[in-house]
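Structure, as structure tokens:
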């Protein structure tokens, strides 16, 4: 097959056995790869009710465009059941890991079972080996230094099953959300290393070269991809979102002021800590930042991290925020959930609910190691903000389905609010990134305060992000490239004709499969809710005085999705999409 190897490698850590299976052309064409393939394989392997840290599996998956010349195709996906949320969860990462994996000659790696002692998986073109490791206990950068090839590793947070532990690649690029590092830790899997050089088969090389050249021209002419992201990285969003009144502080209690937020902006980072820019495989945007403070050097922080570990905690010191980001990467902690949990705990402290730490503005750096090691107060923080609030009877967790929200105040954009609430993996901006439609006008600008008709726009965005996560390509490319580019890329690579409508059908199928898994795991309408804080308007800023009728938007959304009033996919919807019975 062109674009796919039609190969799944299965590793049973309990026995050390490695086997290979054909995936099947039908599954590959219906779910493409990456996130979609991960979801399809996961539902075959586990019951939705399983304990994520007991009988779970991990599915690492590339897409048909991975390892080819397609621009921004350097991303790579992992899927499992989340220990943080209990939902199906996937995360993807940039860099070169995906390219090496695909060129090793497999489309997916399924890891099951649990090793008796810590192990590592080594993947080459010739074989896959499960080996004992003496790297258990090391932080992520030291782990990577002891490995050959591209690698995905966990730090102390994953080893100690912190509910929001991440998987780190090459020291700084991160499978961040959902706590999938804890799943690796529960299996005593310290690392996965990959090296490969096989040429990915492409059906029409000449046509692909033509479209790649056109895409490069589009990316080079877009203000977002050629100037904003390339010059300042993702923190270019700080000043823009502050101006819109959507860059909040103090656990979403209020909007950050322009002067204080500017201390964390991409412009300020460029002046004070950025040393150079870097990019992922096959990406001309090069939004990655190599940075240096007076004490340390490293990568980042990204926009989400500078907010979560900065403004959200009432900290507007760039160096302190950057060093907290470095530490999270070393320990293997998701920066968004770490910041969200700490902000929740700081508010609990200020309100007299939980007096085990200081309030807003206090440095979190010493707490990060305690969280990763589950020492003292860190043991409670390691469970995430929702469980912390449940334990102490308060409502300061700014999360959806147990996952802490990212850096966009939902009172400033109706579509993004609805996307947060209905995200299949919990409070996440990347299921349906409505900032494109409501802020940047990509692919079309919609009034951010208008609710009528937003359900259909959110549905389209969720479908688009599902198929992009399955190809697997970077969403930043879609700021410059219209959807026709992706259908042509896939057609050129595979030799099978895919239209934009076909891609949206794939995206809809994936979203409904994930939703059906979550329904079987016990989720319904009650879980598609924003925290009550967002029923109260902000008092200052460009989004002040505004709240949305979430129940009305949910009714409209369920209708356009073909779900019942409880948010469960209707039988006819699942049949139309060919979603397998779970």
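Here, each number is a calculation from the coordinates, and none is a lab measurement. Quick caveat: nothing in here was measured; it's all calculated off a predicted structure. Cβ coordinates were reconstructed from backbone atoms using ideal geometry, including for glycine residues, and neighbour counts include every protein chain displayed.
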Calculated FRET value between residue 126 and residue 6, using beta carbons and R₀ = 25 Å, to 0.05:
0.85
So, with points 7 Å from each Cα along the Cβ direction, the residue 254-residue 49 label distance in nm works out to 4.8
Simple spin-label estimate for residue 547 and residue 292 in nanometres, 7 Å along Cα-Cβ
5.0
From a point 7 Å beyond the Cα of residue 540 in the direction of its Cβ, which residues of segment 329-361 have a backbone N at a distance under 11 Å?
none
Modelled label-to-label distance, residue 213 and residue 377, 7 Å Cα→beta-carbon offset: nm?
6.1
Segment 165-186 and segment 366-418: distance between their alpha carbon centers, rounded to Å:
17
Sort 58, 582 by Cβ crowding within 10 Å, fewest neighbours at the top.
582, 58
If you find the alpha carbon centre of segment 248-297 and of segment 39-111, how far apart are they in angstrom?
28
Rounded, prolate or oblate for segment 8-194? Axes are the square roots of the Cα gyration tensor eigenvalues, ordered a ≥ b ≥ c, and the cut-off for rounded is a/c under 1.5.
rounded
Rounded to the nearest 0.05, what FRET efficiency do residue 317 and residue 145 give with R0 = 22 Å and r taken as the Cβ-Cβ distance? Could you check?
0.15
Calculate for the chain the 222 nm mean residue ellipticity that helices alone would give, adding -39,500 (n - 2.57) per DSSP H run of length 4 or more and normalising by residue count, nearest 500 deg cm²/dmol.
-11000 deg cm²/dmol
Footprinting proxy, 403, 434: sorted fewest to most Cβ within 10 Å, the residues are 434, 403
Grab the eigenvalues of the alpha-carbon gyration tensor for segment 450-519, scale each by 5, take roots, and send me the semi-axes largest first in whole angstrom.
22, 16, 11
Taking just the alpha-carbon atoms of segment 223-404, what radius of gyration and Dmax come out, in angstrom?
16.3, 51
So how much slack lies between residue 271 and residue 355, counting 0.36 nm per residue of separation and subtracting their Cα-Cα distance, in nm?
26.4 nm
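Multiply the residue separation of residue 198 and residue 395 by 0.36 nm, subtract the distance between their alpha-carbon atoms, and state the gained length in nm to one decimal. Walk me through the numbers on the way to the answer.
Numbers: separation 197, 0.36 × 197 = 70.92 nm, distance 5.23 nm.
Working it through step by step, the gained length comes to 65.7 nm.
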Given an 8 Å cut-off on Cα distances and at least 6 residues of separation, report the relative contact order of segment 4-157 as a percent.
24
Taking segment 223-404 and dividing mean pair separation by its residue count, relative contact order in percent (alpha carbons under 8 Å, at least six apart):
17
Sort 349-361, 260-272, 243-255, 81-93 for me by packing, meaning the mean count of neighbouring Cβ atoms within 10 Å per residue, highest on top.
81-93, 243-255, 260-272, 349-361
What is the fewest-to-most order of 511, 281, 392 by other Cβ atoms lying within 10 Å of their Cβ?
392, 281, 511
Relative contact order for the chain: what is it in percent, counting Cα pairs under 8 Å that are at least 6 residues apart?
16
Report the extension gain between residue 555 and residue 445 in nm, rounded to one decimal, defined as 0.36 nm multiplied by the number of residues separating them, less their alpha carbon distance.
37.3 nm
